[in-house]
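Have a look at the structure below before the remarks.
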Amino acid sequence: MTDRPRRRTVLQTAVSLALAQAAISSSPADAAEPVGTGKPGEFDFLQGSWRIAHRRLKAPGEWDVFEGEATCWSILGGVASIEELRIPARNFSGMGLRLLDREQGRWADFWVNSRSGVLTPPPTWGAFKDGAGVFEADDKDGEAPIKVRGVWDAITPTSCRWSQAVSRDGGATWEDNWLMDWRRA
């Protein structure tokens, strides 16, 4: 598949996912969250091709280490960012979709993997401040309530980092469970 039809397919998928999510989810306005400072283009640093070193927590003190790759696009004047993540050794792929709610000034960060084809609720919501993007959501681990935090930081023209952590005590403490070091391909 050439680059142009492939990009068109990715964009069509992203638009379909965004419309479906908008129809079924609440916006950050439904939560008692302050208006953020998000602006178009904040995810432009991700545009291009990447190699990614993953570390995923399997059990306390036990990390699964593997390689991946991604291709990212900014569209709609920087109001949307699309990430196609691939982990060839595990026959896995997924897509990150980040959308700016311009009225609220906050970004929604959605995820879908190729196995289910369904957006994983809830999205994390956040904004960039002092060179880092912090995105959080309330979620559940089984029946137990947890908080999830994703952070984009260490952003340079050739690298960046994404980390995910969970809190089981309402945000008092956090445990990293996924670390991704991105390097330009």
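Listed conditions (1) in contact with a strand residue (DSSP E or B) (Cβ under 6 Å, 6 or more places away or on another chain); (2) surrounded by 15 or more Cβ atoms within 10 Å (Cβ to Cβ); (3) not basic (Lys, Arg) are all met by Gly78, apart from (1).
Within the bounds of region 152-169, is there any residue that is over 13 Å from the mean Cα position of the chain (by Cα), of a type in the set (Gly, Ala, Ser) and over 22 Å from Gly131 (Cα atoms)? There is at least one residue in region 152-169 that is over 13 Å from the mean Cα position of the chain (by Cα), of a type in the set (Gly, Ala, Ser) and over 22 Å from Gly131 (Cα atoms). Which one of the conditions (1) assigned to a loop (DSSP other than H, G, I, E, B); (2) touching a residue at least 12 places away in the same chain (Cβ under 8 Å); (3) not hydroxyl-bearing (Ser, Thr, Tyr) does Gly117 fail to meet, given that it meets all the rest? Here Gly117 meets the rest and fails (2).
Which ones in region 81-93 are surrounded by 19 or more Cβ atoms within 10 Å (Cβ to Cβ) and among the β-branched types (Val, Ile, Thr)? Ile82 - this is the single residue of region 81-93 that is surrounded by 19 or more Cβ atoms within 10 Å (Cβ to Cβ) and among the β-branched types (Val, Ile, Thr). Looking across Glu84, Glu62, Glu67, one residue alone is in contact with a His (Cβ under 8 Å, 6 or more places away or on another chain) and farther than 18 Å from Pro157 by Cα. It is Glu67.
Summed over region 34-55, residues that are basic (Lys, Arg), touching a Leu at 6+ places or on another chain (Cβ under 9 Å) and under 21 Å from Trp182 (Cβ atoms) total 1. Got at least one residue in region 143-151 being touching a helix residue (DSSP H, G or I) at 6+ places or on another chain (Cβ under 9 Å), closer than 16 Å to Ser81 by Cβ and surrounded by 12 or more Cβ atoms within 10 Å (Cβ to Cβ)? No, region 143-151 contains no residue that is touching a helix residue (DSSP H, G or I) at 6+ places or on another chain (Cβ under 9 Å), closer than 16 Å to Ser81 by Cβ and surrounded by 12 or more Cβ atoms within 10 Å (Cβ to Cβ). Summed over region 148-185, residues that are outside any strand (DSSP E or B), farther than 30 Å from Ser49 by Cβ and polar (S, T, N, Q) total 1. Set side by side, the residues Ala154, Ala132, Ala108 differ, and just one is closer than 20 Å to Gly41 by Cβ and touching a Cys at 6+ places or on another chain (Cβ under 7 Å), which is Ala154. Within region 160-178, residues that are farther than 26 Å from Asp44 by Cα reach partners that are modelled with pLDDT under 95 and part of a strand (DSSP E or B) with beta carbons closer than 8 Å, at six or more positions or on different chains, in the pairs Val166/Asp141; Arg168/Asp141.
Taking the listed residues Ala89, Ala14, the one that is at pLDDT below 95 and either under 14 Å from the mean Cα position of the chain (by Cα) or assigned to a loop (DSSP other than H, G, I, E, B) (or both) is Ala14, with no other qualifying.
Evaluate the following for Ala70: is it more than 21 Å from Arg56 (Cβ to Cβ), in a strand (DSSP E or B) and among the aliphatic types (A, V, I, L, M)? Considered against the rule, which asks whether it is more than 21 Å from Arg56 (Cβ to Cβ), in a strand (DSSP E or B) and among the aliphatic types (A, V, I, L, M), Ala70 comes out as no. Every residue in region 19-66 that is loosely packed, with under 14 Cβ neighbours inside 10 Å, modelled with pLDDT of 85 or more and in a helix (DSSP H, G or I), please. Asp44, the sole residue that qualifies. Scoring Phe128 on the criteria (1) surrounded by fewer than 16 Cβ atoms within 10 Å (Cβ to Cβ); (2) under 16 Å from the mean Cα position of the chain (by Cα) leaves a single failure, condition (1). Report, by residue number, each residue of region 124-147 that is farther than 18 Å from Gly171 by Cβ and either free of Cβ contacts under 8 Å to residues at least 24 places away in the same chain or assigned to a loop (DSSP other than H, G, I, E, B) (or both). Once the filter is applied, which keeps residues that are farther than 18 Å from Gly171 by Cβ and either free of Cβ contacts under 8 Å to residues at least 24 places away in the same chain or assigned to a loop (DSSP other than H, G, I, E, B) (or both), region 124-147 yields Asp130, Gly131, Gly142, Glu143.
The values are calculated or read from the model by the stated rules, or taken from the named source; none is laboratory data. Everything numeric in this text was worked out from a predicted model, so none of it was measured. Cβ atoms come from the backbone with ideal geometry, glycine included; neighbour counts cover every protein chain shown.
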